[in-house]
Each structure stands twice: as structure tokens, then as C-alpha cells.
Amino acid sequence: MWMVYDNEDGLIGIFDSYEKALHEYNLCKEVQKEYVQRNNEFTTDEIIVIAKVERQFYGYETNEKVVDYDENGEEFETVDNSWDWKEDTNELNHNELSRLVARNLVAWDTSKDKREGLLPEVYLLNKYWYKKLIGEEYYQHKAAKKFYIE
């Protein structure tokens, strides 16, 4: 996740890709330059920031309807949706990373043509990371079973 901020509008947005954030950043730069040139006014307050977002915590609307009660105490769904909290992070998920390394190793071991695929150095590096992540030596049959790799 990436964010773009400028001194005029504050937070411009939070973006999933760096390319989208960079595009907005560059648009903000042009707006700032045009403003300074048009008004012949420069203050050193002008600032635009593109930054990596490590965590984002926010409220969001769910798909669940809000429940209310009528005058007889009967429950009914309103037209409004309820809300909840959500946190997005850029942290690597240990399980996903472990599975990725295991899949790379199993793919190499089951490949008929070793010339098309991982380089031997990458294979050895994956074996190193497998042991660091999983805490045990890599064995094809054990990794395939552990991570449900066919």
C-alpha cells in the first residue's frame, strides 16, 4: 500500500500499487507548479509526499443489515448496513511465504527438464529459506503433504 499527501488537500489517497500512487503524486506536482507559476507565489509550505503504508485501520460498511425492533418487539432488518473495523497490513504472511517456498522446491523436484525452471542457486536458496521458515530440512514428500501440494 502507498499513500500520497500534499499540503493543500491533505491525504490524496491510499493505493494498492506504487504505479497508481506515483501517478497521483506526479499530478499533484504539476498542480503545485502551476499554482506557484500562475499566482507568482511561493511559500516553502508546498510539499507532496509519497510513502509506503505499513498499516491502515479503518471502519467499513459490511453486507449485514442493521437489525431493529418494531413497537411489538419484533425484530426486523433495516435498509442500512452495519459497519465494522478492518486493518490492512503490508506484512508478509508467514504461512503464505512458507507455502510459496515449498511449492518452488516441489516444482523443481518434480520437473522433468531442469533447464526450464529455477536456477540451481535459487533452488538452494529456497532450501535455506524453507529450513528458516519451517524449522526443518526440506524433503519433497513431507513438504507436499504439509502444504497440500499435488
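At-a-glance table
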{"item": "Matching residues, the stretch 2-50, being in contact with a Lys or Arg (Cβ under 7 Å, 6 or more places away or on another chain) and either of a type in the set (Phe, Trp, Tyr) or modelled with pLDDT under 90 (or both)", "result": "2"}
{"item": "Hey, residue 58 closer than 24 Å to residue 20 by Cα and out of contact with any strand residue (DSSP E or B) (no Cβ under 7 Å at 6 or more places or on another chain) or not", "result": "no"}
{"item": "Test: residue in the stretch 52-61 that is among the hydroxyl-bearing types (Ser, Thr, Tyr) and free of Cβ contacts under 8 Å to residues at least 12 places away in the same chain", "result": "no"}
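The values are calculated or read from the model by the stated rules, or taken from the named source; none is laboratory data. Since we're looking at a predicted model, the values are computed, not measured. So basically every Cβ, Gly included, is an ideal-geometry build from the backbone, and we count neighbours across all protein chains shown.
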